[in-house]
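Since the structure comes first, as structure tokens, the remarks are kept for the end.
Each value in this text was obtained by applying a stated rule to the coordinates, not by laboratory testing. All of these numbers come straight from a predicted model, not from anything done at the bench. Don't worry about glycine lacking a Cβ; one is built from the backbone with ideal geometry, like all the others, and counts go over all protein chains shown.
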Amino acid sequence: MSDRSILLIITGGVAAFKSLELIRELGRAGVRSRVILTKAAQEFVTPLSVSALSGEKCFTELFDLDDEAEMGHIELSRSTDLVVVCPASADIMGKAANGLANDLASTALLATDKRVLYAPAMNVRMWDHPAVKRNVETLRADGSIVLEPDEGLMACGEFGPGRLPEVARLKEEILAALSPDRSLEGKHILVTAGPTREPIDPVRYISNHSSGRQGYAIAASLRDRGAKVTLVSGPVSIQPPEGVELKKVETALEMLNAVETALPADAFISVAAVADWRPATASDTKLKLKGGDEPVSMTFAENPDILKTISNLAENRPGLVIGFAAETNDVAAHAQGKLQRKGCDWIVANDVSGDVMGGENNEVSLFTKDGMEASPRMSKAQIADWIAARIAKALS
Ligand code: CTP
């Protein structure tokens, strides 16, 4: 790592002191840290202590003409291998997610052409706030790494997720980001995600609650490993990951068509919650059904099983075909049954009897013809990475 350097942005928070130890630990691994301290961070650590540890000048203000003459803020944000924001406050993530730039730290984040890693630290209620969640999602969709904070007792006396991870983990994540795994370079991977929407008439449809989050996170992890990713997505309200080819569809029939058109691929990952049935005929005009004496009935036609169709292609079958299964009971038996019935290579099963649906965390079991491997309980982004790592290994 001796030729590697990071631009470390330290924002305000009690955890700011940990970044001093981080500078020292990274230095031991041969990584040079150039540091920006925000105004709020200076309430917790001083430019002098930062300079003493990093052996470099510490930057603080945007319009310091001396600094601009020595090294402009654009240059500062680019002459580095990685930008690290640690601790990352809700404020800096909000600014970065929305493209605001009113001080040196936020300007550097907007001007950089390098990857950014955020290590958030904040009160548990702030971390759980929908606005912060939205911003984290946006930053991840833009290609940044946002670490999950640790859970525990906080400086404010509350308990929960929001603590800055320990320095050893921060160092490990930074070193990993400095030597990224590009093992999927040259591979084309096709992912489906989200629900499908099956029209009843021009204003009504049948669908399900799938948010698309797990599929989008898997697409982003595969992209991070260098894969060319085609993401075929049903209607969702989340942002697509940068750098993947997005094909938007509505119905199961459109999804199958988009998948077949996107072949050939090295792997197909079927994460979408495809509706198994569609109204046999969708009316061209809005149906008027109120007030009749008889209960309304509807006839359904079966949708194609996209996973099964792709698994059984005689020509152009991707080398690795993966299906997903959400089960509430007898997970192993159902997953193995699905593996056989669909003809796919792996089934990623999750037990949805608990709080997985719509929740933050997940744990999955990966079933192959040779056995089963269970993941730890992790965030959905970490689960995506766990799955992507196994795909990368299988394809290499
Ligand atoms: N799938 C598909 N096309 C369908 C239905 C499902 O591609 N028409 C895929 C999903 O993307 C997922 C897997 O098949 O990878 C889910 O299998 P499925 O048998 O539909 O499981 P469930 O929806 O959980 O249904 P059930 O357990 O009732 O069989």
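Report the extension gain between residue 39 and residue 169 in nm, rounded to one decimal, defined as 0.36 nm multiplied by the number of residues separating them, less their alpha carbon distance.
Using 0.36 nm per residue and subtracting the Cα-Cα distance, I get 44.2 nm.
Rounded to the nearest 20 Debye, what is the dipole magnitude of the chain about its Cα centre when Lys and Arg each give +1 and Asp and Glu each give -1 at the C-beta?
500
By counting other Cβ atoms within 10 Å of each Cβ, how are 344, 156 ranked from fewest to most?
So the ranking, lowest neighbour count to highest, is 156, 344.
Which of the peptides 255-264, 324-333 is most tightly packed, and how do the rest follow, judged by the mean count of other Cβ atoms within 10 Å per residue?
Those peptides, ordered most packed to least, come out 255-264, 324-333.
Let me have the relative contact order for segment 154-256, percent, based on Cα pairs under 8 Å that are six or more residues apart.
Taking the mean separation of contacting Cα pairs over the length of segment 154-256, I get 27 percent.
Which FRET efficiency value, to the nearest 0.05, is calculated for residue 315 and residue 277 with the Förster distance at 35 angstrom and r the Cβ-Cβ distance?
Taking R0 as 35 Å, the efficiency between residue 315 and residue 277 is 0.75.
Please work out whether segment 145-255 counts as rounded, prolate or oblate from its C-alpha gyration tensor, where a ≥ b ≥ c are the square roots of the eigenvalues and a/c under 1.5 means rounded, while otherwise a/b larger than b/c means prolate and anything else oblate?
Oblate, because a/c is 1.5 or more while a/b does not exceed b/c.
For segment 129-221, which GluC sites (Glu not before Pro) pass both filters: DSSP loop (anything but H, G, I, E, B) and at most 13 other C-beta atoms within 10 Å?
Answer in residue order: 158, 166, 185.
Hand me the tally of lysine pairs in segment 188-395: alpha carbons under 22 angstrom apart, and the pair either on different chains or 8 or more positions apart.
Count of close lysine pairs: 13.
Net charge near residue 38: determine it from the other residues with C-beta under 13 Å of the C-beta of residue 38, scoring Lys and Arg +1 and Asp and Glu -1.
Charge balance in the 13 Å sphere: -2.
Taking the beta-carbon count within 10 Å as an exposure proxy, list 129, 73, 209 from fewest neighbours to most.
By the 10 Å Cβ count, ascending: 209, 129, 73.
Sort 199-206, 381-388 for me by packing, meaning the mean count of neighbouring Cβ atoms within 10 Å per residue, highest on top.
Top to bottom by mean Cβ count within 10 Å: 381-388, 199-206.
Taking only the alpha-carbon positions of the chain and ignoring solvent, what does the Debye formula give for the base-10 log of I(q)/I(0) at q = 0.09, 0.13, 0.14 Å⁻¹?
The Cα Debye sum returns log10 ratios of -0.62, -1.08, -1.19.
For each of 106, 179, count neighbouring Cβ atoms within 10 Å of the residue's Cβ, then give the residues from fewest to most.
On the way: 106 23, 179 10.
Ranking 106, 179 by Cβ neighbours within 10 Å, fewest first, gives 179, 106.
Distance from a point 7 Å along Cα→Cβ of residue 201 to each backbone N in segment 271-310: keep the residues under 19 Å and list them by number.
Flagged as within label range: 278-301.
Could you give the length gained on full extension between residue 298 and residue 332, defined as 0.36 nm per residue of separation minus the Cα-Cα distance, in nm?
8.8 nm
Placing one identical point scatterer on every Cα of segment 5-178 and ignoring solvent, what is log10 I(q)/I(0) from the Debye formula at q = 0.09, 0.13, 0.15 Å⁻¹?
So the normalised log intensities are -0.27, -0.57, -0.78.
How high is the relative contact order of the chain, in percent, with contacts defined as C-alpha pairs under 8 Å that are six or more residues apart?
Here the relative contact order equals 11 percent.
Tilt of helix 167-178 relative to the longest C-alpha principal axis of the chain, in degrees (0 to 90, nearest 10)?
Relative to the chain, helix 167-178 is tipped by roughly 70 degrees.
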